[in-house]
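Colleague: Sharing a structure, written as structure tokens. Questions coming.
Every read-out reported here was derived from the displayed coordinates using simple, explicitly stated rules and does not represent laboratory data. No experiment lies behind these values; they were computed from the predicted model shown. Virtual Cβ from ideal backbone geometry, glycine too; neighbours counted across all protein chains shown.
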Amino acid sequence: MAEKKVEVFGVSLRPKLIALLAVLAVLLWASVESVFVVDQTEDAVVLRFGQYNRTEGPGMKFKIPFIEQNYNVATKIVQKMDFGFREARQGGDLFSANQSRSGNYKDESTMLTGDLNIIDITWIIQYRITDPRAWLFNLDSKEKTIRDISQSMVSQLVGDRAILAVLGADRQAIEAEATQMINERFAAYDIGVLVTGTQLKDIFPPEGSVKAAFDDVNVAYQDMNKLINEGRETYNKKIPQVTGEAQQALQVAEGYATERVNRAIGDVARFKDVLTEYHRNPQVTRERLYLEMMQSVFQSSSGTDLIDKRLTNILPLKNLTAPQAPAAAPTTGAQ
């Protein structure tokens, strides 16, 4: 009996061929579903039957079709969250649209300082996902949780300070302490997020007398930074110069000390040699020392005549018109 054919899309096919094509289609779909790609900025969390199985790094990875599912999480990039304003898009480019003054985000920006003044602050936090598993399973409302914790910590720090401190000197301290406190709270909740930085952008004082004081503080703060930068510039210029001069003076002093020590050592050695010769022949040594001393005294002078006082037979004459000859070596026993 002939096998009955089945018409598919206007083409008559045998049932066995249809079954084979169906199997091939399923296998092809399964092979496609078994491969997934993890970007260089991501880590992939793989679930098996809905439960955590493993975490995969960047590259082409494989999973069991129909049994395992992958969720890619951006763990290598730093993300940003705005408070008191939102960064909007205009013409395809990002621009900062500060809307806290218009009241759209006053619930985030308006705070009470320690001296009971109202202040508007806009800030951002930069964070990175460090544990993709905790990020996926330990946190439900992700953005709301991060936003609420960050806002709570910054409000607490602002509420512990006077308004002028917030406007001026304590700005950097608030940023550093906020980063630390937010990270401690994130670690306690185990949500797999690390804040890399907190930045206070704009601080608006309330209208009135505080506004003028705020402007004065800002001017003073800018002047202070200017003077600090000028002082650092002078420091960086003068210190290397003075250090070089000090090293030069030290080297000159060390050279002088070495010269004096060597000369003293030589003088001591010479004196010992003379003393040894003196012990051997005192008279000769005494006369030699005398002659050396006389030569040292008169070698730079001219017109000096030395006469032996014991001369008795010849009357010493001196030609006052004749040119003077160089002084002769002194005679033994001259005075």
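Colleague: Could the peptides 217-229, 54-66, 36-48 be put in order, highest first, of the mean number of other beta-carbon atoms found within 10 Å of their residues?
Modeller: The packing order, highest mean first, is 36-48, 54-66, 217-229.
Colleague: Order 262-275, 169-182 from most to least packed using the mean count of other Cβ atoms within 10 Å.
Modeller: 169-182, 262-275
Colleague: Just give me a number: lysine pairs in region 157-284, eight or more positions apart or cross-chain, with C-alpha atoms less than 25 Å apart.
Modeller: Step by step, the pairs that qualify in region 157-284 add up to 5.
Colleague: While we're here: Starting from the amide H of residue 197, placed 1.01 Å from N in the peptide plane, find each other amide H under 5 Å away whose residue is 5 or more places distant or on another chain.
Modeller: When sequence neighbours closer than 5 places are left aside, the close amide H contacts are 126.
Colleague: Amide H to amide H under 5 Å from residue 202: which residues, 5+ apart in sequence or cross-chain, H placed 1.01 Å off N in plane?
Modeller: Correct list: 122.
Colleague: Something else now. Name the residue farthest towards the positive end of the dipole of region 79-206 from the options 194, 165, 179, assuming +1 on Cβ of Lys and Arg, -1 on Cβ of Asp and Glu, about the Cα centre.
Modeller: Of the candidates, 194 comes out farthest on the positive side.
Colleague: Run the numbers for residue 184 and residue 201: contour at 0.36 nm per residue of separation, minus the present Cα-Cα distance, in nm.
Modeller: Length difference between fully extended and current span is 3.8 nm.
Colleague: Place a point 7 Å from the Cα of residue 106 along the Cα-to-Cβ direction; which residues of region 147-167 have their backbone N under 19 Å from it?
Modeller: From region 147-167, the list is 155.
Colleague: Let me ask you something else. Give me the number: length gained by fully extending residue 87 to residue 262, i.e. 0.36 nm times residue separation minus the C-alpha to C-alpha distance, one decimal in nm.
Modeller: Stretched out fully, the residue 87 to residue 262 stretch lengthens by 55.3 nm.
Colleague: Shifting gears a bit: Could you tell me which of 35, 57, 74 has its Cα farthest along the dipole of region 35-74 towards the positive end, charges placed at Cβ (Lys, Arg +1; Asp, Glu -1), taken about the Cα centre?
Modeller: Final value for the positive-end residue is 35.
Colleague: Pop the C-beta distance of residue 140 and residue 40 into the FRET formula with R0 = 25 Å and round what comes out to the nearest 0.05.
Modeller: With a Förster radius of 25 Å, E is 0.30.
Colleague: Below 9 angstrom from the Cβ of residue 46, what's the summed charge of the other residues (Lys, Arg +1; Asp, Glu -1)?
Modeller: Numbers: positive: 48, 54, 61, 63; negative: 56, 68.
In short, +2.
Colleague: Continuing with this model, one more query. Within region 139-167, list the residues whose amide N lies under 20 Å from a label point set 7 Å along Cα→Cβ of residue 116.
Modeller: Of the residues in region 139-167, 156-167 have backbone N under 20 Å from the label point off residue 116.
Colleague: Could you check the simple spin-label distance between residue 162 and residue 253, using points 7 Å along Cα→Cβ, in nm with one decimal?
Modeller: For residue 162 paired with residue 253, the spin-label model returns 4.9 nm.
Colleague: Going by average Cβ neighbours within 10 Å, how do the peptides 250-258, 131-139 rank, with the highest at the top?
Modeller: 131-139, 250-258
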